[in-house]
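Asker: Let me give you the structure first, and then I'll get to my questions.
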Amino acid sequence: MKIKSAVLGATGNVGQNFIAMLSAHPWFEIDALYASKDRDVYDSPWMSPLDIPDNINTLTIKKLDVKNIIDRGIKIVFSALPSKIAGEIESELQANGIAVFTNASPHRMSENVPIIIPEINSEHINIVPQGMAPLIANSNCTTSGLVLSLAPIADLGIERVIVSTYQSLSGAGYPGVPSLDIVNNILPFIKDEEIKIERETKKILGKFAGNSIMPHSMEVNASTFRVAVTHGHMESVFVDLSQVPDINDIYARFSEYRGDLIARELPSSPDKPIILHSNPMRPQPKLDVMAGRGMSVSIGSVKIKNRTLSFKLLVNNVIRGAAGGSVQNAELAYKAGIIK
Ligand SMILES: NC(=O)c1ccc[n+]([C@@H]2O[C@H](COP(=O)([O-])OP(=O)(O)OC[C@H]3O[C@@H](n4cnc5c(N)ncnc54)[C@H](OP(=O)(O)O)[C@@H]3O)[C@@H](O)[C@H]2O)c1
């Protein structure tokens, strides 16, 4: 029997991708969908890069109600709620024994909440207090791509990362950025985004030390732009290493990267978490955003100058950077036996 789950914020950008990913999931099934008000039909425009599920016309939406979630016997919630309301609701659900997998930011830096990318830091799941339902975050969408590119080179001594990001419109939710602000334009500011990338990167790549996580010592400097692309965040990354790297070793590390063993057993994990391109015109959102069903990060333009490695990457913000990352985390928690 599949595990009963619910999606919170089911009518939004991330919520839709949850519906698409869970509609044929081998372990989890959607029992209820919640948003800010009741709807008899699913009336949001379909924005996901995944196919519309066949049963979309039969879906109804309920006004979010924690008691209703508990009464229905739901075991897992996938949260795509706006940050300003997510924190309190997610804590209440966790306190009632419901496992929470969230895209929202309020809990990400909390002591008992790991930010997990199963390929990289599955052992961070051990900071979830014994006997409590897990509350597990996935990172900010841009960070998820960045850390996947840094994981294969982490043992080369990463001292400093400088990253400039070119982030798509779907990252701003629906309806998102006003059209007249973004047509023929690039916006040079995304609220709170730079500090999130800096903090979360260090936490995810940090060391699990018994019952806490010691953040990585690297310095991270991020700058963020909003660009008129539907899905997919591009990043230009410069990494200062403690030694001069060998270009062929770097190619091999990226192209052969598979991540932690346990991640390979999860249904939502891609065969190759990183796709390495030699053509300098790749990756591009138009061509590469669905690599690995949206779960692979695409990397190109790899260069070395002294101790600095540079490259460009593309991450699918709504799948790897949001819904897909959370579903993969729920699969990890289920496999680890902490969803009862
Ligand atoms: N978009 C991305 O690429 C991305 C990536 C990583 C993380 N995130 C995070 O994921 C979360 C969702 O982002 P999004 O892009 O999907 O936003 P969105 O498109 O604006 O969707 C927000 C969802 O929350 C619901 N909602 C709003 N107020 C509510 C309330 N008071 N009670 C219950 N439901 C409420 C909305 O329902 P109604 O339709 O009823 O208003 C809608 O379903 C945010 O915390 C965001 O920061 C987003």
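Just so you know, all these numbers are worked out from the coordinates, no wet-lab data involved. Bear in mind that the values here come from a model prediction, so they are computed numbers and not experimental data. When we count neighbours, we look across all protein chains shown, and the Cβ atoms used for this are built from the backbone with ideal geometry, even at glycine.
Asker: Checking the cross-link filter: which lysines have an alpha carbon closer than 19 Å to that of Lys75, excluding same-chain neighbours under 8 positions apart?
Answerer: List returned: Lys2, Lys4, Lys62, Lys63, Lys67, Lys335, Lys340.
Asker: Shifting gears a bit: Roughly what % of DSSP beta bridges within the chain run antiparallel, to the nearest 5?
Answerer: 45
Asker: Continuing with this model, one more query. Using a Cα-Cα cut-off of under 14 Å, which aspartates and glutamates could be cross-linked to Lys196, ignoring same-chain neighbours fewer than 8 residues away?
Answerer: Within reach: Glu219.
Asker: Next up: Could you please state, rounded to a whole Å, how far the C-alpha centre of the range 185-256 is from the C-alpha centre of the range 1-49?
Answerer: Computed from Cα coordinates, the inter-centre distance equals 30 Å.
Asker: Going by average Cβ density within 10 Å per residue, which order do the peptides 78-85, 102-109 take, highest to lowest?
Answerer: Peptide ranking by packing, descending: 102-109, 78-85.
Asker: Can you work out ³J(HN,Hα) from phi for every residue in the range 74-89, in order, using Karplus 6.51 cos²θ - 1.76 cosθ + 1.60 and θ = phi - 60°, giving whole Hz and x for Gly and Pro?
Answerer: Ordered by residue, 3J(HN,Hα) equals 6, 9, 10, 10, 9, 9, 10, 8, x, 4, 5, 10, 5, x, 5, 5 Hz.
Asker: Work out how much length Leu187 to Gln130 would gain on full extension: take 0.36 nm times their residue separation and subtract the Cα-Cα distance, in nm to one decimal. Intermediate results must be reported in sequence, preceding the final value.
Answerer: Values: separation 57, 0.36 × 57 = 20.52 nm, distance 4.43 nm.
16.1 nm is the gain from fully extending Leu187 to Gln130.
Asker: Between the range 157-178 and the range 269-291, what is the C-alpha centre distance in whole Å?
Answerer: 17
Asker: Strictly greater than 27 Å: what percent of every Cα pair in the chain meets that? Provide the component values of the computation, followed by the final result.
Answerer: Details: 23883 of 57630 pairs.
Distances greater than 27 Å cover 41 percent of the Cα pairs.
Asker: Once you have all Cα-Cα distances for the range 42-121, histogram them in 10 Å bins from zero and send the whole-percent values.
Answerer: For the range 42-121, the pair-distance distribution reads 14, 40, 35, 12, 0.
Asker: Let me ask something else. In sequence order, what are the phi-derived ³J(HN,Hα) couplings for the range 239-244 according to the Karplus relation 6.51 cos²θ - 1.76 cosθ + 1.60 with θ = phi - 60°, rounded to whole Hz, with x for glycine and proline?
Answerer: Computed from phi, the couplings for the range 239-244 are 10, 8, 9, 7, 9, 6 Hz.
Asker: So what's Rg/Rh here for the range 141-316, counting alpha carbon atoms and using the Kirkwood radius for Rh?
Answerer: On the way: Rg = 16.2 Å, Rh = 16.8 Å.
Here the Rg-to-Rh quotient is 0.96.
Asker: Taking a ≥ b ≥ c as the square roots of the Cα gyration tensor eigenvalues, with a/c under 1.5 meaning rounded and otherwise prolate when a/b beats b/c, else oblate, which class fits the range 262-301? Provide the component values of the computation, followed by the final result.
Answerer: Working: a/c = 4.54, a/b = 2.05, b/c = 2.21.
Taking the square roots of the gyration eigenvalues as a ≥ b ≥ c, the range 262-301 is oblate.
Asker: Once amide H atoms are built 1.01 Å from N in the peptide plane, which residues 5 or more positions from Ser223, or in another chain, come under 5 Å H to H?
Answerer: Val163, Ser164, Thr165
Asker: Using θ = phi - 60° and the Karplus relation 6.51 cos²θ - 1.76 cosθ + 1.60, list the HN-Hα couplings for the range 22-29 in order, rounded to whole Hz, with x at every Gly or Pro.
Answerer: With the stated coefficients, the range 22-29 comes to 8, 5, 10, 6, x, 10, 10, 10 Hz.
Asker: What shape does the range 243-326 have by the C-alpha gyration tensor, where a ≥ b ≥ c are the square roots of the eigenvalues, rounded means a/c under 1.5, and otherwise prolate means a/b greater than b/c and oblate the rest?
Answerer: Details: a/c = 2.38, a/b = 1.47, b/c = 1.62.
Since a/c reaches 1.5 but b/c is at least a/b, the shape of the range 243-326 is classed as oblate.
Asker: Okay, moving on. For the chain, take the longest principal axis of its alpha carbons; what is the angle in degrees between that and the long axis of helix 193-204, to the nearest 10 within 0 to 90?
Answerer: Helix 193-204 sits at roughly 90 degrees to that axis.
Asker: Going Cα to Cα from Lys272, which lysines come in below 18 Å? Please leave out same-chain ones fewer than 8 positions away.
Answerer: Cross-link targets: Lys312.
Asker: In addition: For labels at Asn211 and Asn68 in the simple 7 Å Cα→Cβ model, what's the distance in nm?
Answerer: Calculated label separation equals 3.8 nm.
Asker: Which of the peptides 205-212, 169-176 is most tightly packed, and how do the rest follow, judged by the mean count of other Cβ atoms within 10 Å per residue? Walk me through the numbers before you get to the answer.
Answerer: Numbers: 205-212: 13.9, 169-176: 18.5.
The most tightly packed comes first, giving 169-176, 205-212.
Asker: Still on this structure, I have one more. To the nearest 10 degrees, how steep is helix 247-256 against the longest Cα principal axis of the chain, on a 0 to 90 scale?
Answerer: 20
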